[in-house]
1. Output ³J(HN,Hα) for segment 28-43: one whole-Hz value per residue in order, computed from phi by the Karplus curve 6.51 cos²θ - 1.76 cosθ + 1.60 with θ = phi - 60°, and x for Gly and Pro.
2. What shape does segment 13-52 take by its C-alpha gyration tensor, where a ≥ b ≥ c are the square roots of the eigenvalues and a/c under 1.5 counts as rounded, a/b above b/c as prolate, and the rest as oblate?
Amino acid sequence: MSDQPTPKDKPNPQKVAFLRGLPREIKEQITGEEAQAFIYDQEVPDSMLDKLKDYLVDDEY
């Protein structure tokens, strides 16, 4: 099986909006593969989490 989204998969609209709202310098650092994994609720690479660390909230309290 592939981790690629199928045509019936839909991106998470909240995650798409989140990415669109990021500063341009951050968006320019994110690869297509990282963005795809993020918006399609797949496993996100650590490299992307590092880029977004200042914009994500840790929900483990």
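Computed from the coordinates by the stated procedures, all read-outs in this text should not be read as laboratory data. A quick note: this is a predicted structure, and the numbers were derived from the prediction, not measured.
1. 5, 8, 7, 7, x, 5, 5, 5, 4, 4, 5, 6, 9, 6, 9, 5
2. oblate
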